[in-house]
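Trainee: Please read through the structure below; I'll follow up with questions.
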Amino acid sequence: MTAKAAIRTEGERLFVHFLAAGAVPVEADILLPAETLLDLYGEDIRARAYVTQDPARGEMMLRPDFTVPVVQAHMAHGADPARYAYLGEVFRKQPRGSGRASEYLQVGYEVFDRTAPEAADAEVFALIADMLADLSLRPVTGDIGILMAAVRGLDTTEARKAALLRHVWRPLRFRGLLDRFAGRAPLPAARMALLERLRATSPALLIAEAGGFIGLRTPDEITARAEALVADAATPPLKATEAALLYDLLTLEAPAAAALTHLRGITPLLPAIAPAVDRFAARLEALAAHGIDVATLAFEASHGRTSLEYYDGFVFSFHGPEGMPPVASGGRYDALTRVLGAGASIPAVGGVIRPELALRLRGLA
Amino acid sequence: MIRIGVPSKGRLMQDTFDWFGARGVVMRRSGADREYSGVIEGLSGAVPVLLSAGEIPRDLAAGRIHLGVTGSDLVHEELGPGAPEVAELARLGFGQADLILAVPNVWIDVETVDDLDAAAAAFRTSHGHRLRIATKYHRLVRDFLQAQGVADYTLIDSLGATEGTVKNGTAEAIADITSSGETLRANHLRVLTDGLIHSSEAVLWASHTAEWSDADRAAMARLAVMLGVKGLA
């Protein structure tokens, strides 16, 4: 059997496992309209996905991921609740010289269920853990929902919270904003000069002085942001305790059960995270009920925060040896269903396995 | 025979000829003025190949030429930074130009990339589409903005007259090569204070993928001495 055929056979074997767990098979197009993916991920995805031009359909992308088309299919005509399984290629540009495959099979499982999200999280994780049990992988979990709840609970302006939430998946910029809002980083010189000008003169006058009005961005929009900048400069920094808790949360790495104890400990100082911490606790209970040892399960509060993701709750990945991409990964993406659902939304969680990595670890590919 | 890719027209061609000439490697076009071939005097085993500056990166990467002179902007855009197919032998001290990010001068609230990011978020909310940046340097601009975590923008392809796109309503901002600020000012645009994406300069590149025969290597060793550049690794 050729390597490719062996990988497909392994994928089919895993696919059958997902079906046995109650999933309905689902297919997705390989050529997807680029617009949807670009609107979700921004230009960054062009560095990862293959883009091509169709004379009639416009810009198209080779499927970089199953989640978006599966969510779209579900939101258009899915049952409620629903479980889906799929098997097919995804296509991703890889860094030069990385040796990573740019075309590979994924086999996945997605759960759309309103009743008990934490139970669904545990179901997906435990199912994949069980299917890969013979590979001695190292699982890592996280929960972006706790970080988002902490941001929403900050005692600061809505504008600052919105700026932080917008960049939750871009750790560097998130950190930069947090440093500034916490008063730990000075304002850039250009911003200081700008604020001085705005305080000395009205925005309308500055716009008039700038001459030659061009572009779609209106004087009202420019004025509104100028005023927002002045207002933000007058906003006091985050309270030292709150800021310290947020920094603590960004770097929290501990076994899940210990992480829960730690989070319970800081909840009185940041009460807004209480519901998210309760969900975390419920998930650990559900995981334990599936036989997962939460006393040793790795938890990292910042796990899954990369710019090409959409997870907003539980996240997980299963790792093999150093240098190999995760053999499996997944998470919860409730907000994505809202973005793609045109008004509707449903709690959703899922995960994918890369069959060829599983085979490689068994020494068979 | 070492094939040296040389820009086929304009200032860049003349500066390249002058740079080589000043080091005793006299290049000139052969035959009629319209013909894209050349000869080298004073050195055997090498021949200039006149090419569009924009094609030289790909010809280097494909090994169709052994050496080539073109801007660092074009090589980084076409091949990416740190491309293994090419090695930088020397910066030539001409063809300097900066790839910059510029916004309308009337955007009095936007001075930095950070401001642009915040303005893009608000723009997308009020206009229903991402803030458009016109450029022909997609990779360089995207890498620059991605490294800083800028979101809610889209790159619009512009192959010429990029400075006019904002006025014409097809973009909100631009990223373009500028050797002076005059064209920008005339088009009511202003460079962001931290908007320098790439400082470009003409560079002599060597191709690692080209076939280097023993004779080519010997000729290259002689050439490297004459030019005062490092030889092949």
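Bear in mind these aren't lab numbers, they're just calculated from the coordinates by the rules spelled out. Bear in mind that the values here come from a model prediction, so they are computed numbers and not experimental data. Neighbour counts run over all protein chains shown; Cβ positions are idealised from the backbone, glycine included.
Trainee: Assign one of three labels to segment B:97-200, namely rounded, prolate or oblate, based on the Cα gyration tensor with a ≥ b ≥ c the square roots of its eigenvalues; rounded applies when a/c is under 1.5, prolate when it is not and a/b is larger than b/c, and oblate otherwise.
Mentor: Details: a/c = 1.38, a/b = 1.22, b/c = 1.13.
Judged from the Cα gyration tensor, segment B:97-200 comes out rounded (a/c under 1.5).
Trainee: Compute a Gaussian network model of chain B, connecting alpha carbons closer than 10 Å, and tell me which residue from B:VAL86, B:VAL113, B:VAL103 fluctuates the most.
Mentor: Comparing B:VAL86, B:VAL113, B:VAL103 in the GNM, the peak value goes to B:VAL113.
Trainee: Moving on to the next point. Using the eigenvalues of the Cα gyration tensor, what equivalent ellipsoid semi-axes result for segment A:194-348 when each is taken as the square root of five times the eigenvalue, whole Å, largest first?
Mentor: Working: eigenvalues 375, 94, 50 Å².
Listed largest to smallest, the semi-axes of segment A:194-348 are 43, 22, 16 Å.
Trainee: What number results when the radius of gyration of chain B, computed over Cα atoms, is divided by 2.2 N^0.38 Å? Intermediate values should be presented prior to the final figure.
Mentor: Values: Rg = 20.5 Å, N = 233, 2.2 N^0.38 = 17.5 Å.
For chain B, the normalised Cα radius of gyration comes out at 1.17.
Trainee: Nearest 10 degrees, 0 to 90: what angle lies between the long axis of helix B:138-147 and the longest principal axis of chain B (Cα atoms)?
Mentor: Tilt relative to chain B: about 60 degrees.
Trainee: Would you mind computing, in nm to one decimal, how far apart the modelled labels at A:ALA258 and A:LYS239 are, each placed 7 Å from Cα along Cα→Cβ?
Mentor: Rounded to a tenth, the inter-label distance reads 2.9 nm.
Trainee: Let me ask something else about it. Starting from the Cα gyration tensor of segment A:184-236, multiply each eigenvalue by 5, take the square root, and state the resulting semi-axes largest first in whole Å.
Mentor: Semi-axes (√(5λ), whole Å): 22, 12, 11.
Trainee: Report the gain in length on full extension from A:VAL16 to A:VAL51: 0.36 nm times residue separation, minus Cα-Cα distance, nm rounded to one decimal.
Mentor: Working it through step by step, the gained length comes to 9.4 nm.
Trainee: Also, I was wondering about something else. Once label points are set 7 Å from the Cα along Cα→Cβ at both A:SER136 and A:ARG338, what is their separation, rounded to one decimal in nm?
Mentor: Simple spin-label model gives 4.4 nm for this pair.
Trainee: Sticking with this one: Starting from 0 in steps of 5 Å, tell me what percent of the Cα-Cα pairs of segment A:132-218 lands in each bin.
Mentor: 2, 10, 13, 14, 13, 12, 13, 8, 5, 3, 2, 2, 2, 1, 0
Trainee: How would B:HIS129, B:HIS198 line up from fewest to most surrounding beta-carbon atoms within 10 angstrom?
Mentor: Ascending Cβ contact count within 10 Å gives the list B:HIS129, B:HIS198.
Trainee: If we count every other residue with Cβ under 12 angstrom of A:ILE214's Cβ, Lys/Arg +1 and Asp/Glu -1, where does the sum land?
Mentor: Surrounding charge for A:ILE214 is +1.
Trainee: If we restrict to alpha carbons, what Rg and Dmax does the protein assembly as shown come to, in Å?
Mentor: Computed over the Cα atoms of the protein assembly as shown, radius of gyration and Dmax are 28.1, 85 Å.
Trainee: Taking springs between alpha-carbon atoms closer than 10 angstrom, which of B:GLY80, B:GLY149, B:GLY128 fluctuates most in the Gaussian network model of chain B?
Mentor: Comparing B:GLY80, B:GLY149, B:GLY128 in a Gaussian network model of chain B, the most mobile one is B:GLY128.
Trainee: OK, next. Out of residues 5 or more away from A:VAL24 or on other chains, whose amide H comes under 5 Å of its own, with H placed 1.01 Å from N in the peptide plane?
Mentor: A:ARG83, A:TYR84, A:ALA85
Trainee: Return the calculated 222 nm mean residue ellipticity for chain A, to the nearest 500 deg cm²/dmol, obtained by summing -39500 (n - 2.57) across DSSP H runs with n ≥ 4 and dividing by the residue count.
Mentor: -14000 deg cm²/dmol
Trainee: Relative to the first principal axis of the alpha-carbon coordinates of chain A, what is the inclination of helix A:219-233, with its axis defined by its Cα atoms, in degrees from 0 to 90 and to the nearest 10?
Mentor: 90
Trainee: While we're here: Can you list residues whose amide H is under 5 Å from A:PHE299's amide H, if they're 5+ apart or on another chain and H is modeled 1.01 Å from N?
Mentor: Excluding prolines and chain starts, which carry no amide H, the hits are A:THR141, A:ALA254, A:ALA256.
Trainee: Can you compute the helix-only [θ] at 222 nm over chain B? Use -39500 (n - 2.57) per DSSP H run of at least 4 residues, normalise by all residues, nearest 500 deg cm²/dmol.
Mentor: Per the formula, -9000 deg cm²/dmol.
Trainee: Let me check the size of segment A:296-365 from its C-alpha atoms; what are the radius of gyration and Dmax in Å?
Mentor: Looking at segment A:296-365, its Cα Rg and Dmax stand at 14.7, 47 Å.
Trainee: Next up: What is the calculated FRET efficiency for A:MET192 to B:THR170, with r their C-beta to C-beta distance and R₀ = 35 Å, to the nearest 0.05?
Mentor: Working: r = 34 Å, r/R0 = 0.97.
E between A:MET192 and B:THR170, to the nearest 0.05, is 0.55.
Trainee: Next up: Separation between the B:SER52 and B:THR193 pseudo-spin-labels, each 7 Å from Cα along Cα→Cβ, expressed in nm?
Mentor: Here the modelled spin labels are 4.0 nm apart.
Trainee: Using the Cβ atoms and a cut-off under 14 Å, what net charge is assigned to the surroundings of A:GLY78, where Lys and Arg are +1 and Asp and Glu are -1?
Mentor: Overall, the nearby charge balance is -2.
Trainee: A further question on this structure: Need one value for B:99-106: mean number of C-beta atoms belonging to other chains within 10 Å of its residues' C-beta atoms.
Mentor: 4
Trainee: Stick to the Cα atoms of segment B:79-152, pair each with every other, and give me the Kirkwood hydrodynamic radius in Å at one decimal.
Mentor: 14.8
Trainee: Which value results for Rg/Rh of segment A:97-142 when Rg is the Cα radius of gyration and Rh the Kirkwood radius based on the inverse mean 1/r?
Mentor: Dividing the radius of gyration by the Kirkwood radius yields 1.08.
Trainee: Output ³J(HN,Hα) for segment B:162-173: one whole-Hz value per residue in order, computed from phi by the Karplus curve 6.51 cos²θ - 1.76 cosθ + 1.60 with θ = phi - 60°, and x for Gly and Pro.
Mentor: 4, 4, x, 5, 5, 4, 7, x, 9, 8, 9, 8
Trainee: Mind listing the phi-derived Karplus ³J(HN,Hα) values for segment B:106-114, rounded to whole Hz, using 6.51, -1.76 and 1.60 with θ = phi - 60°, and x for any glycine or proline?
Mentor: In residue order, the calculated couplings are 6, 6, 5, 8, 10, 10, 10, 4, 4 Hz.
Trainee: What residue among A:LEU172, A:LEU336, A:LEU308 shows peak mean-square fluctuation when chain A is described by a Gaussian network model with Cα springs under 10 Å?
Mentor: Checking each option, the largest mean-square fluctuation is seen for A:LEU172.
Trainee: Tell me the angle of helix B:10-21 to the major Cα principal axis of chain B, expressed in degrees between 0 and 90 and rounded to the nearest ten.
Mentor: With both axes taken from Cα atoms, the answer is about 40 degrees.
Trainee: So, with +1 on the Cβ of K and R and -1 on the Cβ of D and E, and no other charges, what is the size of the charge dipole of chain A about its Cα centre, to the nearest 20 debye?
Mentor: Around 860 debye, computed over chain A.
Trainee: Can you compute 3J(HN,Hα) from phi for each residue in segment A:151-167, using the Karplus curve 6.51 cos²θ - 1.76 cosθ + 1.60 with θ = phi - 60°, rounded to whole Hz and x for Gly and Pro?
Mentor: Result, ordered by residue: 5, 4, x, 5, 8, 8, 6, 4, 4, 5, 5, 4, 5, 5, 5, 4, 10 Hz.
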